[in-house]
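Working notes, structure below.
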Amino acid sequence: MLDSRLNHVVAVARAGSFTGAAALAGVTQSAITRSIADLERQIGYSIFVRTPRGAILTEQGRDFAERAQKLIEDTKDLLQRPQGDEDAYAGVLRIGVCPASMEFRLIEPLARLLKKHPSIKLNVSGGVFERMVQQLRNGGLDVAVGFEAAFADWPDLRRHRIPNEDGGMLFVRRGHPILQQRRPTPKALAKYDFVSPSDSRPYGAVVRAIYEDNGVDWRKRIHTVDFFPLVRKIVATTDAIGVMVSSTFDQSASFKNEFAILETATMLAEPSPMCCAVRARWEPRPAARALLSVLQAQEGRRRKTG
């Protein structure tokens, strides 16, 4: 019933490219290109900026894509055939995690969520912060989970804090030269590479400052890796210093045998609250509200048993 061009806009916004949108929409790339161009001529402004790496929403285009996504969702709900006492939680819950290395934090909460609401179908994806935020703002995600500091710059997102007692920690392989110093200084740390999660505010800024304050170009010294097994491998086989955003990773005997936590005063030790972010303009779906409730309850249990 809706103009098919709206579906094409949403597809491009989700995929980040015309090629990816064609696969999502089940049409050719040329059909997507013509459709978007025709729509932009009609409304009088550009929805996307075309770049060699893909399509980026303009400011007006972001609002258009968000409204188009909402129209599509409302139309589906409106046309859905009632089935007695319909389960308000039924359907796909799209969750983004940034950085992706924090996905493990959702294991127990999502298990509890599905036990309570088995009609929910999960679609969980991890990625870099910019992409997760773009998908959230465009309606490609229902909720994004990450560090609150990373979402603070976006006034169109509503943040629901999830207390997080873990602080950022630095770890190195056993036998690392820096372990000869009891409390390494930032100057000493700047001599080595770092392995840091993508867009890991506030920790990323702290790591960059270590280099900048000591006259070192941080772009030449930082590995950006979200997959923690790879982080662990790099740290184990080089002199790189790893950033660990949760103490959960260092509880195993194998980790303690292979690595050491650096005593670095409070440089990365201040806990950074986590949050669930949703679009401020739209009321979250029941499934998203249920996820928030479960995450907050999970953190409450961690504080009681920690």
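Every read-out reported here was derived from the displayed coordinates using simple, explicitly stated rules and does not represent laboratory data. It should be emphasised that the depicted structure is a prediction, and the values quoted were computed from it without experimental measurement. Positions of Cβ are generated from backbone atoms using ideal geometry, with glycine treated the same way; all protein chains shown enter the neighbour counts.
Summary value for the stretch 4-79: 32 percent relative contact order, contacts being C-alpha pairs under 8 angstrom separated by 6+ residues.
Only Cα pairs under 8 Å and 6+ residues apart enter the sum, and on that basis the relative contact order of the chain stands at 21 percent.
Pairwise alpha-carbon distances in the stretch 169-261 exceed 19 Å for 36% of all pairs. The calculated pair-distance distribution of the chain uses every alpha carbon pair, bins of 10 angstrom beginning at 0, and gives 6, 23, 28, 23, 14, 5, 1 percent. Spatially close Lys pairs in the stretch 106-235, defined by Cα atoms under 23 Å apart and a spacing of eight or more places or different chains, total 4. Fewest-first ordering of Met132, Met274 by other beta carbons within 10 Å of each residue's beta carbon gives Met274, Met132. Summary value for the stretch 169-261: 48 percent relative contact order, contacts being C-alpha pairs under 8 angstrom separated by 6+ residues.
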